[in-house]
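The values are calculated or read from the model by the stated rules, or taken from the named source; none is laboratory data. What you are looking at is a predicted structure, and each value in this text was computed from that prediction instead of being measured. Note that we place each Cβ from the backbone using ideal geometry, even for glycine, and neighbour counts take in every protein chain shown.
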């Protein structure tokens, strides 16, 4: 067709002759140069392009770039400002073709944004953010946008990264949308995650070997770790029974009940003599790991449906080999397809090896351990195990902010018994004592025999010291009364106890143990039945227990009395009401102030009974005054937090006032501010119920709690009582004065009556009058006095009080 | 030819028209392979410097001129047949 190209020297005259010819026919020139020349010069020497070169140059920059784009594996499309696809690259076209996308909806001319907007179902998870991202870039709100999304098919896990970048950075009138297949990167990331999961399981199981001392726990923990730390969907351990050869499910985690039952019956049906048909049997007989990375499509799998239901896709069966024999298998299930690859499997084989090692270790240690940790005579823990357990209890007490108590005990007269009845009888007695402990005073895990007649116990959680003492008292009593039968004879035996309480007496097992021992020593030396390590505690605890009993008796015997402290109106000087204050008239020590026994009442729950009594007594006094024709005043009764929280409290109040229609007008309930704030909703409804009965309500100790003003306005109350501490500060500093002034103004703004408590000086009185306080209560006017005295002094009409009685008023 | 001789070339091209671009690529490859460290290439775009082309008597692109060593040689074309080109330029075809 044409001459071969002739590179080489070209004499000038030849060329000029050639040019003459070629100017006539450009095409001919191309033929002659074999297409190897781009330009020739014209007569003026100016070069002009030959047609081929012209064609070539005409290819626009965009065309060249599109060639480059076509070569890229990423799917790329150019969108205009409205989101219409104006150009796509070859990869984009191929992708939409092979994936049969709806209406070949990714072709040029289509509006990509509308396609995204119209997506529904799971496709909209990506499509909607994609549309938003494109709009943001088009609108110039974002410099670019990227999103990674999964696009899995039934056979493949695929991931894409979509990026949106503007066509022109300064005026985004179009964007480039690119979808890049990042499946390989994702897969690599996943491998790292998978490996880490396996490492986590492995290290957890390594620590098990040290911690765990029985097979059951080992299996349970190993499965739990695989699911917890390893992120496996399920884990189970199947063990071949050495005697029957039957495979049994030893432990599992993440396995639901239905599957567990299915597994059990499957194992039961397996023939011990013909292991080898199932994958599990194959793993055990061949002592080789079996991996199925496609559970849902693998025909060899027995439980396809259960796996589908449980969401597992891969399984590894790892034989457990102890002393050369496969004794069972650890089976791990992953929710991901294709989870178990060579690297994972190497680690998992190591993991199964660790479990096997631990099993072997436990087998050998079990007998030794028993001797090392248990008292053979009684079966209780020995000192070593007790200290280990104690350390654990201390740890959990510390983390949960609890306190615990450690007891060391010696039996009384045990040596005598041993000497007179013989060691066999002595041993029998120790066994029975141990039995009594575990049956009557908490589980076997809480007790230990340390040697001879020396026992220890732990109370893992105690609420308060009274708790410990009460428990001790009642248990010691019961123990002492228990008849132990030795042969024909029956004997009773006592015990001495030393107690150490965390954290006061120690924050670690050893210290607590040592201090309990010291307490026991001094209990024996002093002849006490029990002693706390901290002597104050013994005294306080003992005192409390005694006090509690006395208070119970006091209530029964009617030793509680109500005293009344008058409240006086600051402008009229009239006694307007009285606060009932409880006193205990102890026949031994005389009047006991409430601060010494109210806390014990609350601790023991006696407060409910005593509170009921106070309400009834106040009511009775009031009605008696009425009956006597006196000008009666309302009686304010204090309500303890525990009482108000009790849902039956409203009914109790109702009962107290139910007998007489005059009653409601005679009763006010004083409730501390902090108490109301504790449960605002319940408080409001309780207070409303109380006022609906015709009673009034006062907020006690106002200013010491944390009332928010918005709540205060909502509370259905009548009176605000300013705490004595504010009254005291009032004369000390301008700030104190300002505070009381504010409280009074606030109360008045809320239409509440204000009573100042603890007024004991003329200065205070003067100031309160200036500030417009309504009433006062305090030593300045009168202390709380017995009912009869109150009646005589303040209720014998007329009620007006002589000025001399309260100075400047 | 002595190793120390420096080859000086001037290549006349028409922007990045196909043949010019090929000639440029072929020349650079040839120089790197056979004249490593002892060549200089002066690139002239006839669209940008038409006068110079005219003065040098260049009527077609791509044209390669060997300025040194003398004598001056010229080759028109894409320089893709390297054996022929090497011979025309007196460059040893043996690999260095």
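Annotations for the structure displayed:
- Residues in the range A:360-396 that are in contact with a strand residue (DSSP E or B) (Cβ under 8 Å, 6 or more places away or on another chain), in a helix (DSSP H, G or I) and modelled with pLDDT of 85 or more: A:383, A:385, A:386, A:389, A:390, A:393, A:394.
- Test: residue in the range B:36-51 that is facing chain A (nearest Cβ under 10 Å), surrounded by 13 or more Cβ atoms within 10 Å (Cβ to Cβ), in contact (Cβ under 8 Å) with a residue 40 or more places away in the chain and out of contact with any strand residue (DSSP E or B) (no Cβ under 6 Å at 6 or more places or on another chain): no
- Subset of the range B:64-79 (residues that are more than 8 Å from chain A (Cβ to nearest Cβ) and either outside any loop (DSSP other than H, G, I, E, B) or within 16 Å of residue B:31 (Cβ to Cβ) (or both)): B:64, B:65, B:66, B:67, B:68, B:69
- Strands (runs of 3 or more DSSP E) lying entirely in the range A:559-631 (those with 1 or more residues that are at pLDDT 90 or above): A:560-569, A:575-586
- Hits in the range B:1-35 (condition: in a loop (DSSP other than H, G, I, E, B), under 20 Å from residue B:54 (Cα atoms) and in contact (Cβ under 8 Å) with a residue 24 or more places away in the chain): B:14, B:15, B:17
- For residue A:262: the one exception among (1) surrounded by 13 or more Cβ atoms within 10 Å (Cβ to Cβ); (2) assigned to a loop (DSSP other than H, G, I, E, B); (3) modelled with pLDDT under 85: (2)
- The strands (runs of 3 or more DSSP E) found entirely in the range A:275-356 that carry 3 or more residues being without any contact (Cβ under 8 Å) to a residue 60 or more places away in the chain are A:290-292, A:314-322.
- Residues of the range A:722-762 satisfying the condition of being exposed (fewer than 14 other Cβ atoms within 10 Å of the Cβ) and part of a helix (DSSP H, G or I): A:734, A:735, A:738, A:742, A:745, A:749, A:762
- Just one residue in the set B:14, B:25 is at pLDDT 85 or above, within 14 Å of another protein chain (Cβ to nearest Cβ) and loosely packed, with under 14 Cβ neighbours inside 10 Å; that residue is B:25.
- Those residues of the range B:80-96 which are more than 10 Å from chain A (Cβ to nearest Cβ) and in a loop (DSSP other than H, G, I, E, B), in sequence order: B:90, B:91, B:92, B:93, B:94, B:95, B:96
For every residue, the table says whether it meets (1) over 19 Å from residue A:786 (Cα atoms); (2) in contact with a helix residue (DSSP H, G or I) (Cβ under 8 Å, 6 or more places away or on another chain); (3) without any contact (Cβ under 8 Å) to a residue 12 or more places away in the chain.
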position: A:620; (1), (2), (3): no, no, yes
position: A:654; (1), (2), (3): yes, no, no
position: A:660; (1), (2), (3): yes, yes, no
position: A:670; (1), (2), (3): yes, no, no
position: A:686; (1), (2), (3): yes, yes, no
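- Any hit, the range A:150-157, residues being under 30 Å from residue A:225 (Cβ atoms) and crowded, with 18+ Cβ neighbours inside 10 Å: no
- For the range A:669-715, filtered to residues that are at pLDDT below 90 and assigned to a strand (DSSP E or B), the residue that is nearest to residue A:615 (Cα to Cα) is A:671.
- All positions within the range A:120-169 that are part of a loop (DSSP other than H, G, I, E, B) and under 40 Å from the mean Cα position of the chain (by Cα): A:120, A:142, A:151, A:152, A:153, A:154, A:156, A:157, A:158
- Members of the range A:441-472 that are assigned to a helix (DSSP H, G or I) and under 30 Å from the mean Cα position of the chain (by Cα): A:444, A:445, A:446, A:465, A:466, A:467, A:468
- Selection within the range A:160-173 - farther than 15 Å from residue A:130 by Cα and either out of contact with any helix residue (DSSP H, G or I) (no Cβ under 7 Å at 6 or more places or on another chain) or at pLDDT 85 or above (or both): A:167, A:168, A:169, A:170, A:171, A:173
- Residues in the range A:589-624 that are touching a strand residue (DSSP E or B) at 6+ places or on another chain (Cβ under 9 Å) and under 20 Å from residue A:658 (Cα atoms): A:610, A:611, A:613, A:614, A:615, A:617, A:618, A:619, A:621, A:622.
- All positions within the range A:778-794 that are in contact with a helix residue (DSSP H, G or I) (Cβ under 8 Å, 6 or more places away or on another chain) and assigned to a loop (DSSP other than H, G, I, E, B): A:778, A:780, A:781, A:782
- Residue that is modelled with the lowest pLDDT [pool: residues in the range A:49-69 that are touching a strand residue (DSSP E or B) at 6+ places or on another chain (Cβ under 9 Å) and away from every other protein chain (no Cβ under 14 Å)]: A:62
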